[in-house]
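The values are calculated or read from the model by the stated rules, or taken from the named source; none is laboratory data. These figures come from a predicted structure and were not determined experimentally. Using ideal geometry, Cβ is built from the backbone for each residue, glycine included, and neighbour counts are taken over all protein chains shown.
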């Protein structure tokens, strides 16, 4: 016969064991640091990683936008400007501490590709694109190298199909994204075999389907414009693909393979 004291003791032991098990499971989850986490693509990446059992440090310079992310016990937010070396070092320390980091997603950047006509493009405006879309990724990668090596982790850079094809007046954006493609394969060689480095090159990714016309979808070989989750799925694949490094995976619904001529 088990008396009340024994039952209470057993219940306490059971609760303690469950709590300890939960704590172990929490720390068994891999940790990802995602920059530009409050933007359209960033939100999709964060949500997809959380749904697949990751812990996520969601970084953005816009604290108000970060506060609007859906709350999740496995996510914490970090406010920082990736162009600021000191802020980057502090942000990485806040996100990973002295522990391991399994994935860095360099997603932050100026999304508007239009920098204006080349003949009137101010050098300061050019530098703004380079600092945000290229140098920021280098600073984040440099700061995370130790934590990534401890985990045998990966870096995924979010580039753009505009690194390989252009519309008028996009020189700064194209140059920055092209530089990020080159940085990807350079870091893959420098950091391997401890850390793998790859890139995802999104095409047209829409924030809201309601903003689109039928022709916008129809011109894509897959029959639709891209969504944030399309990029997120590619990021997760590259995070886990142990025999892939130095590569750029294009996620554009086939548009860069389509010949487009006026008829």
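The table below lists the values:
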| read-out | value |
| --- | --- |
| Cβ-Cβ under 8 Å pairs, at least 6 apart or on other chains, segment 166-179 side at positive phi, far side part of a helix (DSSP H, G or I) | 169/118 |
| Filtered residues of segment 107-147 (kept if in a helix (DSSP H, G or I) and exposed (fewer than 15 other Cβ atoms within 10 Å of the Cβ)) | 118, 119, 120, 123, 124, 125, 127, 142, 146 |
| Segment 205-233 - residue that is under 16 Å from residue 111 (Cα atoms) and crowded, with 16+ Cβ neighbours inside 10 Å and, of those, modelled with the highest pLDDT | 231 |
| Residue count for segment 164-204, restricted to those that are touching a strand residue (DSSP E or B) at 6+ places or on another chain (Cβ under 9 Å) and modelled with pLDDT of 90 or more | 20 |
| The one condition in (1) touching a residue at least 12 places away in the same chain (Cβ under 8 Å); (2) over 21 Å from residue 46 (Cβ atoms) that residue 207 fails to fulfil | (2) |
| Within segment 78-106, considering residues that are modelled with pLDDT under 95 and assigned to a loop (DSSP other than H, G, I, E, B), the one farthest from the chain's Cα centre (by Cα) | 98 |
| Residue match in segment 46-64 (condition: under 24 Å from the mean Cα position of the chain (by Cα), exposed (fewer than 11 other Cβ atoms within 10 Å of the Cβ), at pLDDT 95 or above and not in a strand (DSSP E or B)) | yes |
| Selection status of residue 181, surrounded by 20 or more Cβ atoms within 10 Å (Cβ to Cβ) and closer than 21 Å to residue 251 by Cβ | no |
| Any hit, segment 4-21, residues being modelled with pLDDT of 85 or more and exposed (fewer than 12 other Cβ atoms within 10 Å of the Cβ) | no |
